[in-house]
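Contents: one structure, followed by commentary.
Please treat every number below as a calculation from the coordinates, not as lab data. Since the model is a prediction, treat every value here as computed from it, not as a measurement. Positions of Cβ are generated from backbone atoms using ideal geometry, with glycine treated the same way; all protein chains shown enter the neighbour counts.
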Amino acid sequence: MWGHPMMKTLKPIAAILLGLSLASCNLGSPESTGKYDYDGTAAQLDSKEYSRLTPLQQYQVANKLSSALFKGVPARSFFKEGTITANAGTLEVSAEGQDYVGKVRRALKTPLDNRDAIALKIEGDADAQIPARYTFDTDRKPMQYPMAYMFEMPLSDEYFARWMAYKLVNTIMFSPAEEIDSASERDVQKIYEGLVSALMDNTPVRSIILTHELSQANWRRFRSPEDNTREMIEIYLGLFDRDADVPKAAIACKNWSLTSEDQQYELQQSPKVNTVPQLILDHYYVTTCEDFFNVVANHPLVIPRVTTVLIDHMFGVDYPAEKRTALARDIAAAQPTTFKEIFMAILFSKEFLLSMDRPKWFEESFFNAANRMYWRPYSAFFRDLNRTTGSGNIGGASLTLMYQPAFSLKLGRWPIVPGDVLATAYQHNGLRSAMLTRSNAKLASDPNFDPEAIPSNGWGPELIENASTMSLPDFISYMFISALGRLPTAEELSTLTQVINTARTAATASTVDCTVSSAPGGCLKYWSSTNVVNRTLVVMDYLSRLPESYFYNAVN
Amino acid sequence: MNRRDLLKALGLIGASATLPPLFAKQAMANVSQRSLANARAIIDGEINFSAPANLPTVINIFMYGGPSELAGNLTNIAQINTDSQNKYTGVRGDILQAFDAVNNNGQITSHGFWADAGGMTMEDLVAGNQMSVYRTINRVVDDNKAHRESIFSAQTGGVRTMDASGMGTVLAAVLRVKMPGVFDNPDNTPILPFVTLEGDTVLYDLGDINDLPLWLRSVSLDANFNNPYQRRTLSALGTGTGATKSYHKCIIDGAFVDCSVSLDALAASVSSASKFDRLSKAMAKRIELDDYFSTSGGLSNPAAKIPTTDVDGVPFDTNAFTTSFGINQGIRTFTNDSFGSNLRAACVLALENPGTRFITLSTGGLGGWDDHDNSIAKYEQRVTNLMSNLRTAVRLLRTGTTTAAARGDVVINVFGEFGRNVNLNGSMGWDHGNNMNLYTLGGSGIANRALGKVVGSTKVIGTPGQNRLFTSPADGSPQWEPFSIAATVYRYFGVANPEVLTSDSLITGAHSGFAAIDGFAGAIPLTA
């Protein structure tokens, strides 16, 4: 599971640094001024420019942004009621949809006010006889809980911190490497929650890196002085050809070691501290391991490298290298100091929101669709999603089987979504079986229906609440906009209409040939074309087969 | 000729040769006839190809993490122990002694293998002409010790450049161009020609050969040949699964069709944009594989294909492999872990579906090879398990399954991204190094295949007591770059001059590329 090499990420850091020296630096935080003062490729999509997009484009941008944040915007709430038809010209953005990008930007800075209620909902309270909404594996709970928590949490400052931490632990920079024998689920929890706290506090990137370098969890991933120092140079500075520096850095760390498995892999430091200064990275003398870690954390390459790693993950390494390099250069030129600034710069850049296209990580496709389809998870969903085996409730899939396990890989997820046939088949089955081709519409007719209390699976009744009076073309168009953010092509409209109107099946035995009009036993028309649930299932079934459902399109 | 240019030429020719005329015309719209002619000339002039009478199958086993060479090479252990920061004898007291079968002690076998680290099994395999060990796979032109970079170069057979093509992809492209009657269309090409049992792998990276057609692209299988490609929910448009599925019928444009099939066709037709290429092809291949696995002609549970005994009458069972020695050599069948299961699947696939040409798997399940700490005991057990599984694999290939005949043209190559230092560091492990072993097994029926050999000798380099203590090829010893492993694979399939596929002026300078390792006439070892 070590996956791909990272050669495609070896973009010229030197070029970025050169660019930094040439670029006009806009000092100061765009957060503090409220202005988006990134230049060039990093130029931000502001509210004015966003509002000039067509309503459909605005919806596409809104869901691209939401999807990246593992959220989604239902079409029904984004557009005014009655304006979603087969004609894009009738679309009108609702008050809720207005300035959506600006609203998200503000939401990510808004304090969360119901943290305790969310935790209570997830975990329950035995004393108060409040049942837990979700179940987790005992051992793997630290790997399963974060996504459940994010699913229940609205966009807020804490949500953003948790989302950033989740992204970071799935990169090479902070992966807890749960897959290796010296790391454990406890390390997952320590690294993840440590990052959340630091991100909430706006701790500088360099401080976060230094803290991590010094941690036992880091040494459980890279377990000897030579291994650890090599990886720190590679991971945080992007220097892959500094082999000669490694023995010298390892001398500085010679008194640091990890105990054996029998002694629970504890980080220990002996009194045999090095006393001979070692010259590393051409300019720096280090004597102790702390010296070395400080040199790495404070090195000029840190911000360009960190920015590059995050851009690679957000854009994928199939996105043109020159654009990724330019974006890294232009973001670094603004001298960000926190992960929040870097993530915000990437997320709200025009390059990301308007131009980026790539396959989606499963979290991005699934949870975006979940919010757009009014899906409700069953109680063990987040447990099953993050198991090493597949679950029948998720189409036999799991993140592991899709080759995108969370928290696990020693070198983090390779920054390109696995696209081999097997991984694709699992993603297809996951999205299809856990959501698109399952209906919870019956919940609407249940007098005891409580969408908050009833864990279920499949799209929710709200999706089709106002759809029964729509014409078939309007209905199909509504489903396409809801799920994909586009109208159906003429070919799609024609074929889906015919499928909905003509599907037939054997009345008695499944072996009857329904292509013959006089088939023995006869054939029944399978669908009532006015049955909205049936219509929806057909369209959803089709949408699950479209590569587009697993893909970010460029908006422009 | 720059390797990358040659691979691009392979892509050009392949596109023109394999696409239907209409699409070929579109695809070639931006390619001038002169470019095409040049590409043909390049390939004809550069690649000297002669297809073997029977195409072999290669099972590529990659030891991610960088395996220590010591299991297969204790020849320098006395000096290593003297110079090491921590003494091996403090952990393994008899490691400096020759193996003594009478008293059952000592670790150095007759060929210098590590007895308790699979060494006795290695001796058996070498003595039985089932394996050769090449001890001097050593990076000279690109001694990088970073994992990903080294994995990349080892699995592409090329230097660390962006967009390089994996070994399996290069092989597929060569076969497509040089054996057009077999590999240039889906009707002739055997099903599952290129398989991975480790998911996405660099070995199948497309790189510059990005036009490789669907039927030659790798397919992921699981160890039990389950059908993960099947849609789990058909209720909207049909019932049942697999062979029992029954689709509802629809009338589309006046014709009765399966509703489900019509939707798949519609999805494919509206997803032709190049940005969807990878996903679209994966979706299409999923349908094909679902059909294949759902029919009686598909593969079935590989565990059920293992015969009771091998060709020599030795059972395939979980009893220990008994020899005159008391050393643990593992069980007589595949181990019950993901590595044992994947290797069993690979062997059964090679036997049951002889059209499969290249199969990749990792040693996942045995544990990783990145032995930075507390390594010796875990390493001994890991190599023991590795070797016992390899012995079982060779026995199965020589025996055949319950329904398929034995094959003598299946090669198993086992290697990693780099070797390790031999200094036992402060954490009692080994840090990233260079020199490593190639274990190559099976395929005795392949012409010029050299088995039963232990090739290459090493010397110790480094300052006593310091971490950078490592082995290097001894003066006069043959040695090979990791790129030569790829060259060897190409050679098995008929490329007489595989060095043209491993040369790259960017880093090899005037060198003309890296030749095959195996005992082929004309193979020229690279000397430092």
Problem set entry | Sequence-distant lysines (8 or more away, or on other chains) whose Cα lies within less than 18 Å of A:Lys190 | A:Lys141, A:Lys167, A:Lys410
Problem set entry | Fraction of the pair-distance distribution of chain A above 45 Å, Cα-Cα pairs, percent | 21
Problem set entry | Viscosity 0.692 mPa s, temperature 37 °C, Stokes-Einstein D of the range A:273-353 from Kirkwood C-alpha radius, µm²/s | 230
Exercise. Mind checking Rg over Rh on the protein assembly as shown, alpha carbons, Kirkwood formula for Rh?
Worked result: 0.97
Exercise. Which one of A:Phe407, B:Gln155, A:Thr437 is farthest out on the positive end of the charge dipole of the protein assembly as shown, using unit charges on Cβ (Lys, Arg +1; Asp, Glu -1) and the Cα centre as origin?
Worked result: A:Thr437
Problem set entry | Euclidean distance of C-alpha centroids, the range A:282-346 and the range B:96-148, integer Å | 43
Exercise. Once the other residues with Cβ under 14 Å from the Cβ of A:Val61 are scored (Lys, Arg +1; Asp, Glu -1), what is the net sum?
Worked result: +3
Seminar exercise, completed: Ordered by fewest other Cβ atoms within 10 Å, a rough proxy for footprinting exposure, A:Val295, A:Val273 read A:Val273, A:Val295
Problem set entry | 9 Å beta-carbon shell around B:Ala172, net charge (K/R +1, D/E -1) | +3
Exercise. Sorting B:Leu96, B:Leu197 on the 10 Å Cβ count, fewest up front, what's the list?
Worked result: B:Leu96, B:Leu197
Exercise. If we count other beta carbons within 10 Å of each Cβ, what is the order of B:Cys259, A:Cys289, fewest first?
Worked result: A:Cys289, B:Cys259
Exercise. For the range B:340-357, in order, what is each residue's ³J(HN,Hα) by Karplus, 6.51 cos²θ - 1.76 cosθ + 1.60 with θ = phi - 60°, in whole Hz (x at glycine and Pro)?
Worked result: x, 5, 5, 5, 4, 4, 4, 5, 5, 4, 4, 7, 7, 10, x, x, 6, 9
Exercise. Under a straight-distance cross-link criterion of Cα-Cα below 18 Å, which aspartates and glutamates are reachable from A:Lys121, leaving out those fewer than 8 residues away in the same chain?
Worked result: A:Asp113, A:Asp137, A:Glu152, A:Glu158, A:Asp450, A:Glu452
Problem set entry | Set of aspartates and glutamates near A:Lys323 by C-alpha distance (under 13 Å), chain-local residues within fewer than 8 positions excluded | A:Asp312, A:Glu351, A:Asp357
For this session: Any of A:Lys48/A:Lys80; B:Lys145/B:Lys378; A:Lys272/A:Lys340; A:Lys109/B:Lys275; A:Lys340/B:Lys378; A:Lys248/A:Lys340 with alpha carbons more than 31 Å apart? Name them for me.
Result: A:Lys272/A:Lys340; A:Lys109/B:Lys275; A:Lys340/B:Lys378; A:Lys248/A:Lys340
Problem set entry | Rounded to the nearest 20 debye, dipole of the range A:194-266 from Cβ charges on Lys, Arg, Asp, Glu | 160
Seminar exercise, completed: FRET efficiency for A:Ser51 and A:Ile130 from the Cβ-Cβ distance with R0 = 41 Å, rounded to 0.05, comes out at 0.40
Problem set entry | Cα centre as origin, Lys/Arg/Asp/Glu Cβ charges: the protein assembly as shown dipole, Debye | 1420
For this session: Divide by every residue of chain A the summed helix terms, -39500 (n - 2.57) for each DSSP H run of at least 4, and state the resulting mean residue ellipticity at 222 nm, rounded to the nearest 500 deg cm²/dmol.
Result: -13000 deg cm²/dmol
For this session: Any chance you could give the angle, 0 to 90 degrees and rounded to 10, that helix A:13-22 forms with the longest Cα principal axis of chain A?
Result: 80
Problem set entry | Spatial separation of Cα centroids for the range A:153-204 and the range A:407-439, in angstrom | 21
For this session: Specify the angular offset, from 0 to 90 degrees and rounded to the nearest 10, of the alpha carbon long axis of helix A:472-484 from the longest principal axis of the alpha carbons in chain A.
Result: 10
